[in-house]
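Remarks on the structure that follows.
The values are calculated or read from the model by the stated rules, or taken from the named source; none is laboratory data. Just so you know, these numbers come straight off a predicted model, no measurement behind them. Virtual Cβ from ideal backbone geometry, glycine too; neighbours counted across all protein chains shown. What goes into the accessible areas is simple: the full protein's heavy atoms, side chains included, and nothing from ligands, DNA or RNA. Shrake-Rupley method; radii C 1.70, N 1.55, O 1.52, S 1.80 Å.
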Amino acid sequence: MIPYPLSELTDERAELATTVRKLFERHCDERQVRARMERREGFDPATHRELAEMIGVFALQVPEEYGGAGFGPGDLLPVFEEAGRALYGGPLLSSTTAAAALTAIGDPQVCARLLPDIAAGRTVATLAGMDGAPSPIAAARDAAGSWTLTGAAEPVLDGADADLLLVPARTGDEVGLFAVATDGLARTPLQGLDMTRRQAVVMLSGTSAEQVAAGPAAEAALRAALDHAALAVAAECLGAARRCLEDAVAYALTRYQFSRPIGGFQAVKHRLASLWARTEAAGVVLRSAVAALDTAGRPEPLDSAHAFIACVDALDGCAEGTIRVHGGIGFTWEHSAHLYFRRARAAQTLLGPLSAHRARVARLAGLDAASAAHPQGEPAR
């Protein structure tokens, strides 16, 4: 077994990862994943309840005064690593991202009212606009000071199943963050490339909403939530990539041609070595981001964006490489490699175009300025 890249940092994280892996082995094998893909309801309530009540994953990063466990956000990443390995599609990413946004707002009244139920797993929450695109939702306030929202939010992760929706919306020249109860909303499930995840279109037609943050505070909370999501998806992708590599290595050791394992042939051996190097490199980048997260208590923008790109790329390479190592059987829909391949390609757009993340890394690292200083292609020195 390939060792955990994140949880090896502390014994507690290793123990957490082991516990979560055992849970997913009981509730999230390939047969169960495929069965849930065919069902209309988006997630398995029993698995969600065990994650919430027995392990307390939704409470990990929530402050203790709001019903949480008060651990750092880095303690949640081994859970995502295991979720990615198992292709778990429940509302883990959506609820924790919404909780990260609310925590970043820091308003005691808002946090005390909304966070405890999310931490306990009683409320499934999600955040619209996780792709980072400008919000298409318009907010209006009447004479009594009440807010309403109008527009279509899409795609919204777990939007058809969420009880609470956080929506960035335009309030004149600013962006505000609003909380919306989803009862009675028109919600249409979407058929995405990654069928293990659920996304939906949520229609807001003069829908009553509560403004939970405005202006710079709303933008800062959104940015913190998106940085959290980037690290979470990075950990998911790393876990999935390592699972693909394990499957490819196991197959190469047991599949024989010309009376020898195919892993003994140079072409297969080199491909597996390349996938291993790619995965380990991504693990180093993510580990560095986690170390910075543990130190600062919040994601460092450059580290989270870099880790996101490295891990998404690693999963893409491992998913495709695994299919090639498996040969003909790997190209059939019945093989699990295709589920990971779809997860890999969908991860490239889940939080907005990968090109936008690469541009952000360049900007945060100052590379765009270096490029502008050498427009003729002359390398920066």
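Could you say which residue among L204, L190, L185 is out of contact with any helix residue (DSSP H, G or I) (no Cβ under 6 Å at 6 or more places or on another chain) and within 25 Å of Q348 (Cβ to Cβ)?
Unique residue meeting the criteria: L190.
Only one residue in H326, H306 is part of a helix (DSSP H, G or I), closer than 23 Å to D29 by Cβ and in contact (Cβ under 8 Å) with a residue 12 or more places away in the chain, so which one is that?
H326
List the helices (runs of 4 or more DSSP H) inside the range 6-75, counting only whole elements, that have at least 2 residues being of a type in the set (G, A, S) and farther than 13 Å from I118 by Cα.
Because the criterion is at least 2 residues that are of a type in the set (G, A, S) and farther than 13 Å from I118 by Cα, the helices (runs of 4 or more DSSP H) in the range 6-75 that meet it are 11-27.
For the range 187-217, which positions are over 26 Å from A35 (Cα atoms) and open to solvent by less than 70 Å² (accessible area, probe 1.4 Å)?
Within the range 187-217, L204, G206, T207, A209, E210, Q211, V212, A213, A214, G215, A217 qualify.
Taking the conditions exactly as written (on the phi < 0 side of the Ramachandran plot and either in contact (Cβ under 8 Å) with a residue 40 or more places away in the chain or surrounded by 14 or more Cβ atoms within 10 Å (Cβ to Cβ) (or both)), does G56 satisfy them or not?
No.
Name the single residue that is modelled with the lowest pLDDT among those in the range 17-68 being of a type in the set (D, E) and within 19 Å of D194 (Cα to Cα).
Result: E41.
Applying the selection to the range 277-307, what residues are buried (at least 21 other Cβ atoms within 10 Å of the Cβ) and among the small types (G, A, S)?
Once the filter is applied, which keeps residues that are buried (at least 21 other Cβ atoms within 10 Å of the Cβ) and among the small types (G, A, S), the range 277-307 yields A282, G283, A289, S304, A305, A307.
Can you work out which of the residues in the range 349-360 that are among the small types (G, A, S) and over 14 Å from the mean Cα position of the chain (by Cα) is most open to solvent (accessible area, probe 1.4 Å)?
My answer is S355.
Given the options L114, L102, name the one that is touching a Cys at 6+ places or on another chain (Cβ under 7 Å), touching a residue at least 40 places away in the same chain (Cβ under 8 Å), over 29 Å from E30 (Cβ atoms) and in a helix (DSSP H, G or I).
L102
Given the options A310, A346, name the one that is surrounded by 15 or more Cβ atoms within 10 Å (Cβ to Cβ) and farther than 12 Å from A241 by Cα.
Sole residue among the options that is surrounded by 15 or more Cβ atoms within 10 Å (Cβ to Cβ) and farther than 12 Å from A241 by Cα: A346.
Restricting the search to the range 70-89, which residues are modelled with pLDDT under 95 and open to solvent by 10 Å² or more (accessible area, probe 1.4 Å)?
Within the range 70-89, G70, F71, G72, P73, D75, G89 meet the criteria.
Does the range 90-129 hold any residues that are open to solvent by 10 Å² or more (accessible area, probe 1.4 Å), in contact with a helix residue (DSSP H, G or I) (Cβ under 6 Å, 6 or more places away or on another chain) and β-branched (V, I, T), and which are they?
Those that are open to solvent by 10 Å² or more (accessible area, probe 1.4 Å), in contact with a helix residue (DSSP H, G or I) (Cβ under 6 Å, 6 or more places away or on another chain) and β-branched (V, I, T): I105, T123.
Rundown of residues vs (1) open to solvent by 30 Å² or more (accessible area, probe 1.4 Å); (2) part of a strand (DSSP E or B); (3) under 30 Å from A179 (Cα atoms), yes/no style:
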position: D227; (1), (2), (3): no, no, yes
position: A232; (1), (2), (3): no, no, yes
position: G239; (1), (2), (3): no, no, no
position: C244; (1), (2), (3): no, no, no
position: V249; (1), (2), (3): yes, no, no
position: S274; (1), (2), (3): yes, no, no
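Within the range 187-241, take every residue that is of a type in the set (S, T, N, Q) and more than 20 Å from the chain's Cα centre (by Cα) and give me the one that is nearest to D316 (Cα to Cα).
That would be T188.
Conditions first: (1) at positive phi; (2) open to solvent by 50 Å² or more (accessible area, probe 1.4 Å). E154 passes all but one, so which condition is the exception?
Tallying (1) at positive phi; (2) open to solvent by 50 Å² or more (accessible area, probe 1.4 Å), E154 fails exactly one: (1).
Of all the residues that make up the range 124-178, how many are assigned to a loop (DSSP other than H, G, I, E, B) and under 18 Å from the mean Cα position of the chain (by Cα)?
Going through the range 124-178 one residue at a time, the tally reaches 12.
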